[in-house]
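This report refers to the structure that appears directly beneath it.
The values are calculated or read from the model by the stated rules, or taken from the named source; none is laboratory data. The shown structure was predicted, so the numbers you read here are calculated from the model rather than taken from an experiment. Counting neighbours? That spans all protein chains shown, and the Cβs are built from the backbone with ideal geometry, glycine included.
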Amino acid sequence: MSAGSEATERAAAVARRLAAEAAAARQRRTLVLAGADRGWTRAAARAALAAAGLRGRLWITDAAPEGECALAGAAARDVLGTELDALVLDAFAGLDPDALGAAAGAVRGGGLLLLLTPPLDAWPRWPDPERARITVAGYPPEAVGGRFLARLARVLREAPGTAICTEAGEVRERPAPPPPATPAAADDPDCLTPDQAAAVAAVVRAATGPRRRPAVLVADRGRGKSAALGIAAARLVASGAMARIAVTAPRPEAAAPVLAHAARLLPGTRASRTAVLLGERTVLEFLPPDRLAHEGTDARLVLVDEAAAIPAPLLARLLDRHARLAFATTVHGYEGTGRGFDLRFGPLLEARTRGVHRVRLETPVRWAPGDPVEALVFRALLLDAEPAPEAEVAGARTETCAAAREDREALAADEPRLAQVFGLLVQAHYRTRPFDLRCLLDGPNLHVWTLRCGTARAVAATALVADEGGFDATIATRIWAGVTRPHGHLVPESLAVHLGLEAGARLRCARIMRIAAHPAARRRGLGLKLVEAVAGDAAARGFDLAGTAFGADAGLLGFWRRAGFVPVRVGVRRGTASGAHAVLMLRGLTPAGRELLAHARATFLERLPAQLADPLRELEPELAAALLAGGPARWAAVGPEGWVQLAAFAFGHRGYEECLEALRPLAAAALADPETAAGLEPAARHLLVAKALQGHPWPEAARRAGLAGRAAAQAALRAALRPILLARGGGTVRRTLVRLRAAGLDTDGDF
């Protein structure tokens with residue numbers, strides 16, 4: 001018998017034993033098949049599956065073995081909500097951390113996770129196809145580091161409940177600890193645990209009790225929270241309490257388990273990919289979160305699954321629009337976390353509701369407690385990464401913290417520090433994923449910055465920075481013409497393509513991709529200090545610009561303005577993931593960078609008023625005002641006749657429609673001029689945007705300004721214009737007031 005055959009038989013025997021252990025404990029086990037010959041790992045995997053007797057299985061690979069069900073890595077998240085006996089992840093097709101995080105949770109108790117890998121010692125240097133996704137234009141795939149894979153190999157060697165079988169026939173194994181005691185069963189016949197029963201009761205109470213008292217279900221994967229939403233929905237429909245229920249999630253696949261569990265408990269219904277139908281009537285339907293937030297629905301109850309992966313501004317709109325809601329979120333998810341959800345959205349929930357009923361589901365239902373695969377995936381992907389303990393950063397101040405660019409080799413080997421860095425990013429950014437961890441460690445143009453404090457050197461803030469741009473004249477022209485789109489160079493491409501500034505592709509920019517401060521040390525200037533350190537380092541390296549891009553938010557705009565950045569572009573469409581318009585902001589670091597920034601800013605401000613009247617008509621007024629702030633204020637654009645018409649409107653009875661042509665440039669100038677804008681009440685600012693610039697009907701403009709209706713809005717607009725006209729209209733306005741008084745009008749009255 002050949003050495004390869006002996007190794008295959010040995011792997012099969014190990015798989016048989018692991019499967020028996022897993023079944024006895026109702027847990028899962030991991031089998032790593034490592035070899036330089038990909039064919040051997042695949043043959044060994046098939047032998048292992050056969051020996052273990054596992055039938056409900058799936059391969060994540062680019063080449064499906066004959067007779068096996070398989071998905072490519074990018075499609076792995078499609079298995080969310082399904083259950084498998086075995087998952088085979090073929091790392092020779094590329095190790096996609098997102099695929100591992102999404103698909104591993106589908107393996108139920110008694111099942112196996114099989115990883116097919118190169119030799120673990122050689123894996124960091126192996127030509128992994130995923131390197132192509134991580135690299136950026138101007139760098140070869142070989143420039144992508146191997147730190148993530150080296151760390152993953154170390155985690156696999158140390159993981160309890162994991163066996164490693166090599167092509168040479170070696171077996172290395174760390175046994176799993178004894179499983180904890182079996183948890184108590186639920187009294188509810190439809191529920192598997194008391195936790196799940198409590199979650200179902202909380203959702204029913206949110207639907208049938210007092211309005212604006214939502215339920216919030218928090219759990220790790222496999223705890224049955226999606227099933228709880230489905231069970232509650234079925235009961236509400238069956239009892240007649242709800243004729244129609246809407247369910248939303250980041251993607252339709254994430255909501256599929258809710259629909260499936262509801263259909264299972266509703267006799268006579270049928271389920272499609274996005275709805276549960278009773279006869280011709282839709283009783284439960286998936287609707288995208290942006291549609292529910294902006295258009296609404298006739299459903300009386302909205303169920304929000306995987307809420308941590310939906311941005312807080314979109315959740316806020318859902319909360320404002322719908323009186324009955326239930327949210328479910330994953331504590332340590334591969335896409336968003338419950339801790340981040342609480343930090344970003346929790347205060348808003350408390351402020352805008354009459355009380356929140358929270359239920360935390362601790363007991364797993366898909367596998368028994370103490371599952372080794374769950375522990376392995378959590379550690380490998382840092383799903384349970386947390387920032388430093390609050391006590392270690394309580395005294396953090398700008399003068400006691402030091403900023404530094406991290407050595408990523410040292411960071412990958414320092415588990416506590418790496419967890420603190422990634423934990424901050426996970427909490428601060430709703431879409432931080434395991435793939436981001438691999439990019440952070442291995443991206444060829446990336447730098448990790450930290451602000452550390454105290455004797456423990458705890459991470460109080462962190463930033464991820466990308467080097468971009470620096471293209472030669474030929475490539476810059478191709479980018480400007482739209483022929484070339486350089487992967488990983490967001491700022492140069494935006495400047496060249498969207499603003500028509502070809503020089504933007506030639507200059508070099510340090511883009512701050514993400515930045516996060518510890519929740520216990522916010523509002524102390526730590527983020528600004530870290531930005532200053534990054535900008536100073538970029539300038540020292542000869543970079544022309546510092547940049548950042550993010551989903552538009554008034555608070556974030558204020559932070560970046562204080563850091564010396566100004567907006568130069570806003571996306572005309574809302575992002576499907578964020579539900580917000582993307583904003584690009586820049587800070588000049590060299591004379592060439594400052595010259596380009598001035599050009600970009602002027603182009604942006606020239607276009608913005610027209611964009612607000614068309615593609616940005618639904619942009620929030622406070623955001624529009626923040627984008628216009630800082631000038632230049634073009635008062636001359638109002639024109640002599642415009643001042644006359646505006647004075648007749650503000651101090652007399654002239655109709656709004658008669659002065660519209662002059663009001664638009666005045667509104668833009670007033671919002672751009674710092675002194676004038678500072679004197680405006682919030683309602684006045686909102687009216688200048690919503691009515692004068694965006695052209696909304698009076699009822700909608702009044703709503704956005706928080707006023708009762710047209711009469712109140714028109715009166716508020718007149719009142720807001722008067723001091724502006726007196727301060728900026730000069731002799732033209734004063735002469736108009738004299739004419740009005742001569743005609744018997746009381747120009748000091750409330751017209």
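Please determine, by comparing only the residues of the range 488-528 that are part of a loop (DSSP other than H, G, I, E, B) and charged (D, E, K, R), which one is nearest to R478 (Cα to Cα). Full working, then the answer.
Going residue by residue through the range 488-528, those that are part of a loop (DSSP other than H, G, I, E, B) are 488-489, 499-502, 507, 518, 522-525.
Narrowing further to those that are charged (D, E, K, R): 502, 522-524.
On the way: E502: 9, R522: 43, R523: 43, R524: 44 Å.
Only one residue tops the list, namely E502.
Among all residue pairs at least 6 apart or on different chains, which show Cβ distances below 6 Å where the first residue, located in the range 444-460, is touching a residue at least 12 places away in the same chain (Cβ under 8 Å) and the second is among the charged types (D, E, K, R) and buried (at least 20 other Cβ atoms within 10 Å of the Cβ)?
If the second residue must be among the charged types (D, E, K, R) and buried (at least 20 other Cβ atoms within 10 Å of the Cβ), the pairs left are N445/D467; V448/E406; T450/E406; G454/E392; A456/E392; A458/E392; V459/R452.
Would you mind finding the one in A275, A234 that is crowded, with 23+ Cβ neighbours inside 10 Å and within 26 Å of A106 (Cα to Cα)?
When all the criteria are applied, what remains is A234.
Can you tell me which residues in the range 440-487 are at positive phi, modelled with pLDDT of 95 or more and either of a type in the set (K, R) or in a loop (DSSP other than H, G, I, E, B) (or both)?
G470 - this is the single residue of the range 440-487 that is at positive phi, modelled with pLDDT of 95 or more and either of a type in the set (K, R) or in a loop (DSSP other than H, G, I, E, B) (or both).
Surrounded by fewer than 22 Cβ atoms within 10 Å (Cβ to Cβ), assigned to a helix (DSSP H, G or I), touching a residue at least 12 places away in the same chain (Cβ under 8 Å) and not polar (S, T, N, Q), is that true of P124?
yes
E173 - would you say it is among the acidic types (D, E) and modelled with pLDDT of 95 or more?
Spelling it out, E173 is indeed among the acidic types (D, E) and modelled with pLDDT of 95 or more.
Which one of these is modelled with pLDDT under 95, farther than 30 Å from R508 by Cα and surrounded by fewer than 15 Cβ atoms within 10 Å (Cβ to Cβ): E620, E661?
Result: E661 is the single residue among E620, E661 that is modelled with pLDDT under 95, farther than 30 Å from R508 by Cα and surrounded by fewer than 15 Cβ atoms within 10 Å (Cβ to Cβ).
What number of residues in the range 540-587 are surrounded by 22 or more Cβ atoms within 10 Å (Cβ to Cβ), of a type in the set (D, E, K, R) and part of a strand (DSSP E or B)?
Within the range 540-587, residues that are surrounded by 22 or more Cβ atoms within 10 Å (Cβ to Cβ), of a type in the set (D, E, K, R) and part of a strand (DSSP E or B) number 2.
Can you pull out the residues in the range 68-81 that are at pLDDT below 90 and not hydrophobic (A, V, I, L, M, F, W, C)?
The answer is G73, R77, D78, G81.
Just one of (1) in contact (Cβ under 8 Å) with a residue 40 or more places away in the chain; (2) buried (at least 21 other Cβ atoms within 10 Å of the Cβ) trips up V200, so point out which.
Checking V200 against (1) in contact (Cβ under 8 Å) with a residue 40 or more places away in the chain; (2) buried (at least 21 other Cβ atoms within 10 Å of the Cβ), the one that fails is (1).
Considering every residue within the range 126-145, establish whether at least one is closer than 27 Å to Q27 by Cα and either at pLDDT 95 or above or among the aromatic types (F, W, Y) (or both). Before you say what the answer is, go through the steps one by one.
Pass one, the range 126-145, residues closer than 27 Å to Q27 by Cα: none.
No.
Is it the case that E167 is touching a strand residue (DSSP E or B) at 6+ places or on another chain (Cβ under 8 Å) and surrounded by fewer than 15 Cβ atoms within 10 Å (Cβ to Cβ)?
Taking the combined requirement at face value, the residue does not satisfy it.
What are the residue pairs meeting all of these: first residue in the range 7-27, first residue on the phi < 0 side of the Ramachandran plot and modelled with pLDDT of 95 or more, second residue acidic (D, E) and part of a helix (DSSP H, G or I), Cβ atoms under 9 Å, and 6 or more apart or on different chains?
Sorted first by the residue in the range 7-27, then by its partner, the pairs are Q27/E21; Q27/E374.
Residues of the range 202-250 being part of a loop (DSSP other than H, G, I, E, B) and under 28 Å from A351 (Cα atoms), which ones?
Of everything in the range 202-250, those that are part of a loop (DSSP other than H, G, I, E, B) and under 28 Å from A351 (Cα atoms) turn out to be G209, P210, R211, R212, R213, P214, D220, A241, M242, R244, A249, P250.
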